[in-house]
1. Being at pLDDT 90 or above and acidic (Asp, Glu), is that true of even one residue in the range 285-305?
2. Could you tell me which residue of the range 222-266 is nearest to residue 137 (Cα to Cα), considering only residues that are polar (S, T, N, Q) and without any contact (Cβ under 8 Å) to a residue 60 or more places away in the chain?
3. In the range 227-269, what residues are within 30 Å of residue 214 (Cα to Cα), at pLDDT 90 or above and not polar (S, T, N, Q)?
4. If residue 70 satisfies every condition in (1) in contact (Cβ under 8 Å) with a residue 60 or more places away in the chain; (2) buried (at least 16 other Cβ atoms within 10 Å of the Cβ) but one, which is the exception?
5. Would you tally the residues in the range 35-50 being part of a strand (DSSP E or B) and within 17 Å of residue 89 (Cβ to Cβ)?
6. For residues that are in a loop (DSSP other than H, G, I, E, B) and within 17 Å of residue 86 (Cβ to Cβ), tally how many sit in the range 1-34.
7. Tell me which residues, restricted to the range 37-55, are surrounded by 20 or more Cβ atoms within 10 Å (Cβ to Cβ) and either at pLDDT below 95 or within 16 Å of residue 100 (Cα to Cα) (or both).
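The values are calculated or read from the model by the stated rules, or taken from the named source; none is laboratory data. All of these numbers come straight from a predicted model, not from anything done at the bench. Cβ placement follows ideal geometry from the backbone for every residue including glycine, while neighbour counts extend to all protein chains displayed.
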Amino acid sequence: MTILIFLAVLVMLILVHEFGHFFVAKKSGIRVDEFGIGFPPKIIGKKIGETEYTINWLPLGGFVSIWGENPTDENYTDTEENSRSFVQQPKYIQAAVLVAGVTMNILFAFVLYVIAFMIGMPTAIESLEATGNVRDVRLVVTSVLPESPALDQLQPNDEIVALHTDSASLTSNDQLTSQEVSEFISSSNGAEVTFELIRQKEPRTLTLQPIQGIFKDDPTRYGAGFSMSLVGIQSLPIHLAIVEGAKQTYTAFIEIAIGLYEFFTGIVTGSSNFSDVTGPVGIVGLVGDAAAMGIVWLISFSAFISLNLAVINLLPFPALDGGRLVLVGIEAITRKPINPMIATRLNQVGFIALLTLMAIVTFNDVVKLF
């Protein structure tokens, strides 16, 4: 079931991206030969006008075939047949077609976030007095420190229900707070603490042994090495959902861009850790986790993936939209086309490099499973 949900999300996000290219190309008068759901071999197709719309066997996204998109000597020839070729269009139209896919992914993420806020988005609150119109307030784990007792035990989004030691217990008929939990763990003086949790709607019980040195400002204090936050569900009217959706889209886009920049600069300097990056195999599990936590989590995670696709495609790397934009920019500045053979080779090298990177990330995903 998890794989089916992942494929549905993947197909949806890629089709949204490809529809952006398709729509702008059509509106610009460029000939579009095919718009496909999935990848060949073809199951069925229907030609409407000059464009064939197909459904294909490999459910890994979709594609749009734009005439003249791949540079060849024939496409650069100024003939009546080639007048509707992609490469024969003004540079601003070529750029608009290339940017359209990224733009659609960003807009789609925005729409998903708006829907999530209208249904009820999980929202962190500072205190029980600040709940306002927030419902279903819970104390959840937000992060786990490396090399701490909580590592490989607690997970983000675990709901803390109660804690016990041999001599004391912490429960609440109302609501636990992060301060209460932190003080209870500290007062254990290193004795084992049993946690009652809810993880993905299922009750869990596990035991941690707090250690000293977790808190840099108080090294003698005992801690387990995780952070917590009060989280509730906040439903917003549409006008406020639009505002918050725009904020969330902007914030997530910037954070993803910064993260990718640091990762790729780290590759150059040798400081990047590929085990910190999640590829297709890892995303399958994350999609399954999001779906298990509820429809809002799945919607917001799909928005996050859509923004990832947008940022990745903007990278100035051959074979990606960003790399092709660079080539269009060079042609606009030099006022002459790049040699089709050179452009083709650059795209081929870029594609091979991307496949190599994907293979490394996928290998690390598989290793994490064992």
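1. For the range 285-305, residues at pLDDT 90 or above and acidic (Asp, Glu): absent.
2. 251
3. Scanning the range 227-269 gives 228, 252, 255, 256, 258.
4. Here residue 70 clears every test but (2).
5. Of the residues in the range 35-50, 0 are part of a strand (DSSP E or B) and within 17 Å of residue 89 (Cβ to Cβ).
6. Total meeting the criteria: 4.
7. Once the filter is applied, which keeps residues that are surrounded by 20 or more Cβ atoms within 10 Å (Cβ to Cβ) and either at pLDDT below 95 or within 16 Å of residue 100 (Cα to Cα) (or both), the range 37-55 yields only 38.
Conditions tested, residue by residue: (1) in a loop (DSSP other than H, G, I, E, B); (2) out of contact with any Gly (no Cβ under 8 Å at 6 or more places or on another chain); (3) acidic (Asp, Glu).
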position	(1), (2), (3)
184	no, yes, no
191	yes, yes, no
196	no, yes, yes
231	no, yes, no
243	no, yes, no
248	no, yes, no
256	no, yes, no
263	no, yes, no
